[in-house]
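The values are calculated or read from the model by the stated rules, or taken from the named source; none is laboratory data. Just so it is clear, the model here is predicted, and its values are computed rather than measured. Glycine also receives a Cβ, built like all others from the backbone with ideal geometry; neighbour counts cover every protein chain displayed. Accessible surface is based on the protein model in full, side chains and every heavy atom, while ligands, DNA and RNA are left aside. Shrake-Rupley method; radii C 1.70, N 1.55, O 1.52, S 1.80 Å.
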Amino acid sequence: MEWETVLGLEIHAQLATNSKIFSGASTAYGAEPNTQACEVDLGLPGVLPVLNKEVVRMAVKFGLAIDAQIDEFSVFARKNYFYPDLPKGYQISQFEKPIIGLGFTDIEVEEGKPIRVGITRAHLEEDAGKSLHEDYQGMTGIDLNRAGTPLLEIVSEPDMRSPQEAVAYMKKIHSIVRYIGICDGNMAEGSFRCDANVSIRPKGQEELGTRTELKNINSFKNVEKAINYEVERQIDVLESGGTITQETRLYDADKDETRSMRSKEEANDYRYFPDPDLLPVQISQKLLDEVRQTLPELPDARKQRFIEALALSAYDAGLLTADRELADYFETCMKAAENDTKITANWVNGELSAALNKENKSIAESPLSAKQLGQLVLRIKDNTISGKIAKQVFAALWAGEGDSADSIIEAKGLKQMSDSGELEALVDEVINANPGQVEQYRAGKTKVMGFFVGQIMKNTGGKANPGQINQILKTKLDA
Amino acid sequence: MSLDKKDVEAIAHLARLELDPSNIDETASQLSSIIEFVEQMNAVDTTGVQPVAHPLDLIARTREDQVTESNQRDHFQAVAPETQDGLYLVPKVIE
Amino acid sequence: MHNKTLSELSTALQNKEFSSEELTRYFLGRIKQHDQSLNSFITVTEDLALAQAQAADQQIAAGESGALTGIPMAQKDIFCTNGVKTSCGSKMLDNFIAPYDATVVKKTNSAGMVMLGKTNLDEFAMGSTNETSFYGAVKNPWDLNRVPGGSSGGSAAAVAARLTPVATGTDTGGSIRQPASLCGITGIKPTYGTVSRFGMIAFASSLDQGGPMTRTAEDAGIMLNVMAGFDEKDSTSYEKENEDYTRSLNDSLDGLKIGLPKEYFSSDLNPDIASVIDAAVKEYEKLGATIKEISLPNTGLSIPAYYVIAPAECSSNLSRMDGVRFGYRCEDPKNLDDLYSRSRGEAFGEEVKRRIMIGAYALSAGYYDAYYLKAQQIRRLISEDFKTAFSDVDVIMGPTSPSTAFKLGELSDDNDPTSMYLEDIYTTSVNLAGLPGMSIPAGQVNGMPVGLQLIGNYFQEAKLLNIAHQFQQATDWHQQTPAGFKEEH
């Protein structure tokens, strides 16, 4: 039988605030255990939550970025269950009235074939703490520093049909939250993570199959792997006559498998009710207008502009705009290169990206500033150096051997030789030293032209202007 | 609506309350009488009535996004049943 | 010394008739002498009290004192007090030394008041008799075989027996007013949102409200000036200018319109209590008030609605009592579930467990609409009843409690817990609507005090205190002291 995969994602984006959603404790990552858990985060008797203003603005910003419906009132609700990383015995979340209603975003897996993914809702909630399973005399240690960190849970419609689409969607949301500055997107620190709802159905069937929820997916690569594993598992179960149980499964990246989380199964009666300690949140028209003012150009719009105004290919524009900082870098670089778009795009997507990848650095950590790279591009453009020499200059800048392309070109004497008298002398030298090849050329084997150019480049350490050399050679040999 | 022993056990588990097994029948009858009592509410039609969220119908007040709390771990953990290396300890959690 | 009002004590302290330390030692002495029979305190903070008194004396000597500097008081053991055990009347928090101060405690401290100790209460404030406390029942000073009411029974008994000039209380369904009534003292539950709930251990968040328990209305006003006020740490706190609650104590009641809800005077009301209330109302007529019968048609639904909302909220509020970060932990938990179930099963009393279970049930899948949502809708109807009533009258009056103090065990031994719930018939609707309510001593039946309840419109505390004060100028029920507690020391 042919099966169709149906996927929906629940993405948790940690909001980049200074303080927690309901307390004044810091949200900074990596502190000593329980040093950033105040009485409110610890759920001590008698404490009360007070909502962080910034959290509301950030959620609204996201809502505007996905063209979502934003109702005037939203309500915080308690989700009741017992777990040691959940200090109050309930999580403050949103249930019936989330802050962000139905919206959408478009993704592209095959070029030119956009797919629209519905976003059912996005709601605010507090994060839980962390359980540390290292051995404390057979016990588990609880660190509540993360408890109360603001999260935006972004729930998609079951609109995706392949793991590739799921990854594209996740990348798109990642790109949006970083563009609008509400989440640092750091997946290694858990700032951006996702659960996947996976089901399969016979192709052509309308009705959805029973779904499982995969937890603990913390990289783009693992989304694809976890879904692939789970789809295969479900097919195996159904094709051997079994049925799928609706359950929560944990993805184990080390073993590349999913397994049932028995501990989560029974706790499914969450007894949601409006949190009486918090009042309904009002989103005024004034707030909407204010936040709209702060929205930057979003990835789709920027990509379109890069294609139309800068004449970049859809492929290049897509790569450059996926990340706001990369796109900003590109634009700064381009300006420094006197608005050259093509060479700049090639260098940013080529040499720079490769170097960053190799050292596992983000664009923000690039040793080369956008202006430095822009100057380098400019020197290629104005023929001060060749593309080949430019790679040397790039490596030198990367290694910190100088603070500008010009100073390195100067210090290393890499400036292209363009003085025609000087170049003519070099050409004469090569012609005189290689009478055999001259013979061949004159006999019609024009390919040996390459040999002459190579020799001159070798003698000049690549600095001779190849265009000029070609011209002089041709004139002299054809004479 | 009256609750039987099984209902009571399910609720007690949901609320993580160990009950004295010899008392469960009595608890079931007490809870049933309370439920029966509160079901007097059914006498009134509340269709379309807006439920109360705050007695004064106020809306949420928010605070500025500022860090106002400093580390008080030792002070807070002085009342904790069991800690080690700054962590609260609980019986092994199995996921 | 123990019969002086707050302003008399303040004047005496300013005039150096006695020092705060002497005054504090006097009340500590009375507690030592009498509290074995009453059991109104869970913790007496003698050392802290003396240190606070000495600090107050220095302030007075330096001329930096305020109206309450150096005056002793007691906190209901539901308010968190930094460094002092805060038990909430439960085995669960028997070992809980609160690591922070409730806003109310901060306020009484910064007013220079001296905390004598923490008063007894029904476990987690759940009860109307003070018999559910882990620390044993409190006795009514008017008859040691009777209950003081609850849940602020310790505060009520301590004020009535003159073991402290004033005490704090909290009121979720009548827990200030009913014990005030049963012990013959004055108590006011302000409008929801007036007194900060931060650091007040939550029972039912949308109903809980703190307030003073005093001998006179004037004292209640002075205490409310300290306790009330907007608190940015409590999202449900009402943001408004501070007011002087004593500003209209002496206003005339000429032309005051009193509403008497016919539902409060049905044939179910004990005739002896009815006649005390009638006499009090006649007294008000003498003071120039006019009387109007009104109707609060949904009164009968207030207890069913209350006994859904309060348990639902408490079942969630008490989930944090899990034996992980503070409080009771069972011996040798076998696993996580065992830790939770046994710690909670062993440390919570029967009434608390019952309410948690009712609440969990009312919120559980499939029942939410039928119980919790329905109750919150009924709450709207009850508020509307009051709104209609207050378009016609300035204050609503009636009994605080359908009976005088019952014998110890009389209600708690009953296998049907709902019989105790009916004790709250006149008080819970005030919490459901969030209105201010007050109880003042209005007479006695067989030697036991009877309270008159005054219900005002939102934020009309000053008006209620005025109405109460004028009654206390014309009568002396509030000055009655139970036999056995009259003597100096």
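Each Cα pair under 8 Å and six or more residues apart adds its sequence gap; the mean of these over the residue count of chain C is a relative contact order of 18 percent. With 25 Å as the limit on Cα-Cα distance, the pairs of C:Lys4/C:Lys257; A:Lys286/C:Lys387; C:Lys189/C:Lys233; A:Lys335/A:Lys388; C:Lys76/C:Lys139; C:Lys76/C:Lys257 that go past it are C:Lys4/C:Lys257; A:Lys286/C:Lys387; C:Lys76/C:Lys257.
Considering every Cα-Cα pair within chain C, what fraction, in whole percent, is farther apart than 27 Å? Value for chain C (Cα pairs over 27 Å): 51 percent. When the helices of chain A are scored as -39500 (n - 2.57) per DSSP H run of n ≥ 4 and the total is divided over every residue, the value at 222 nm lands at -11500 deg cm²/dmol. Taking 25 °C and 0.890 mPa s as conditions, the protein assembly as shown diffuses translationally at an estimated 74 µm²/s according to Stokes-Einstein applied to its Kirkwood radius (Cα pairs). By a 1.4 Å probe calculation restricted to protein chains, C:Ser364 has an accessible surface near 10 Å², given to the nearest 10.
From the protein chains alone at 1.4 Å, what is the descending order of accessible area for C:Asp219, C:Asp394, largest first?
Details: C:Asp219 0, C:Asp394 60 Å².
Output order, biggest surface exposure first: C:Asp394, C:Asp219.
May I ask you to derive the relative contact order of the range A:420-478, considering only C-alpha pairs under 8 Å and at least 6 residues apart, and to give it as an integer percent?
Relative contact order comes out at 41 percent.
In a DSSP loop and with at most 14 other Cβ atoms within 10 Å, there are no trypsin sites (Lys or Arg not before Pro) in the range A:299-341. For the residues of A:87-94, the average number of beta carbons from a partner chain within 10 Å of their own beta carbon is 4.
Would you be so kind as to identify which of A:Ile235, A:Ala479, A:Gln164 lies farthest towards the positive end of the dipole of chain A, taking Lys and Arg as +1 and Asp and Glu as -1 on Cβ and the Cα centre as origin? Value computed over the given set: A:Ala479. A 1.4 Å probe, protein heavy atoms only, puts the accessible area of A:Tyr272 near 50 Å². Dividing the convex hull volume of the alpha-carbon atoms in the range A:297-412 by its residue count gives 92 Å³ per residue.
Solvent-free Debye calculation, one equal scatterer per alpha-carbon of the range A:18-113: log10 I(q)/I(0) at 0.11, 0.15 Å⁻¹ equals -0.47, -0.78. Look at the dipole of the protein assembly as shown built from charges on Cβ: of C:Ser383, C:Ile273, C:Thr400, the Cα furthest out on the positive end belongs to C:Ser383.
Per residue, the solvent-accessible area of the range A:297-412 (1.4 Å probe, heavy atoms of protein chains only, all protein chains present) comes to 49 Å². Given contacts defined as C-alpha pairs under 8 Å and at least six residues apart, what's the relative contact order of the range A:236-303, whole-number percent? Relative CO of the range A:236-303 lands at 15 percent.
Convex hull over the alpha-carbon atoms of chain A: what's its volume per residue in Å³? Please list the in-between numbers first.
Working: hull volume 108.3 nm³, N = 479.
Spread over its residues, the Cα hull of chain A gives 226 Å³ apiece.
Temperature 37 °C, viscosity 0.692 mPa s: under these conditions the Stokes-Einstein estimate for the range A:156-273, based on its Kirkwood radius over C-alpha pairs, is 211 µm² per second. Centre-to-centre separation between the Cα atoms of the range B:44-61 and those of the range C:37-97: 38 Å.
In summary, the range A:215-354 shows an alpha-carbon radius of gyration equal to 1.66 times the 2.2 N^0.38 Å reference for compact globular proteins.
When a/c is below 1.5 the answer is rounded, else prolate if a/b is larger than b/c, else oblate, so apply that to the range C:133-250 with a ≥ b ≥ c taken from the square roots of the Cα gyration tensor eigenvalues. It is oblate, given that a/c is not under 1.5 and a/b is not larger than b/c.
Quick one, can you get me the convex hull of the C-alpha atoms of chain B expressed as volume per residue in Å³?
Values: hull volume 26.5 nm³, N = 95.
For chain B, the hull spanned by Cα atoms encloses 279 Å³ per residue.
Taking amide hydrogens as placed 1.01 Å from N in the peptide plane, the amide H of A:Ser26 sits under 5 Å from those of B:Glu69, each at least 5 positions away in sequence or on another chain.
What angle, in degrees between 0 and 90 and rounded to the nearest 10, separates the Cα long axis of helix A:53-65 from the longest principal axis of the Cα atoms of chain A? The angle comes out at about 60 degrees. At most 13 other Cβ atoms within 10 Å plus a DSSP loop assignment makes a site exposed; report the longest stretch of chain C without any exposed trypsin sites (Lys or Arg not before Pro). Formally, the longest exposed-site-free interval is C:17-239.
What is the helix-to-structure angle for A:299-308, meaning the angle in degrees between its Cα long axis and the longest Cα principal axis of chain A, kept from 0 to 90 and rounded to the nearest 10? Roughly 20 degrees, rounded to the nearest 10. With the Cα gyration tensor of the range A:420-478 giving a ≥ b ≥ c as the square roots of its eigenvalues, does the rule (a/c under 1.5 for rounded; else a/b larger than b/c for prolate; else oblate) give rounded, prolate or oblate? Prolate, since a/c reaches 1.5 and a/b exceeds b/c. Mean partner shielding of peptide A:133-142, defined as the number of other chain Cβ atoms within 10 Å of each residue Cβ, is 6.
C:Phe459 contributes about 40 Å² of solvent-accessible surface, heavy atoms of the protein only, 1.4 Å probe.
Taking the C-alpha atoms only, the angle from helix B:24-38 to the longest principal axis of chain B is near 70 degrees. The loop-placed GluC sites (Glu not before Pro) in the range A:237-304, going by DSSP, that have at most 11 neighbouring Cβ atoms within 10 Å of their Cβ come out as A:Glu266.
Per residue of chain C, what 222 nm ellipticity follows from adding -39500 (n - 2.57) for every DSSP H run with n ≥ 4, rounded to the nearest 500?
Numbers: 15 runs with 180 residues, N = 489.
So the helix-based figure for chain C works out to -11500 deg cm²/dmol.
Roughly how many Å is it from the Cα centre of the range A:2-69 to that of the range C:339-414, as a whole number? Centre-to-centre distance over Cα atoms comes out at 33 Å. Using the reciprocal of the averaged 1/r over all distinct C-alpha pairs, how large is the Kirkwood radius of the range C:6-256 in Å? Every distinct Cα pair counted, the radius reaches 17.7 Å. A 1.4 Å probe run over the protein chains yields, for the range A:33-125, 31 Å² of accessible area per residue, whole-number rounding. Distance from the Cα centroid of the range C:432-485 to that of the range C:237-305 is 10 Å (rounded to whole angstrom).
Taking the range A:420-478 as the region of interest, the number of lysine pairs whose Cα atoms are within less than 20 Å, with members eight or more places apart or on different chains, is 8. Spin-label pair C:Asn250-C:Gln479: with each label point 7 Å from Cα along the Cα-Cβ axis, the two points sit 1.8 nm from one another.
Not counting the cut sites, what is the longest span of chain C without GluC sites (Glu not before Pro) that DSSP labels loop and that have at most 15 other Cβ atoms within 10 Å?
Details: sites that count: C:Glu17, C:Glu64, C:Glu232, C:Glu239, C:Glu241, C:Glu243, C:Glu331, C:Glu487, C:Glu488.
In chain C, the maximal stretch lacking such sites is C:65-231.
One decimal place: the segment A:Asn432-A:Met449 gains 4.7 nm when fully extended, by the rule 0.36 nm per residue minus the C-alpha distance.
By accessible area, using a 1.4 Å probe on protein heavy atoms only, the protein assembly as shown has 46% of its surface on carbon and sulfur.
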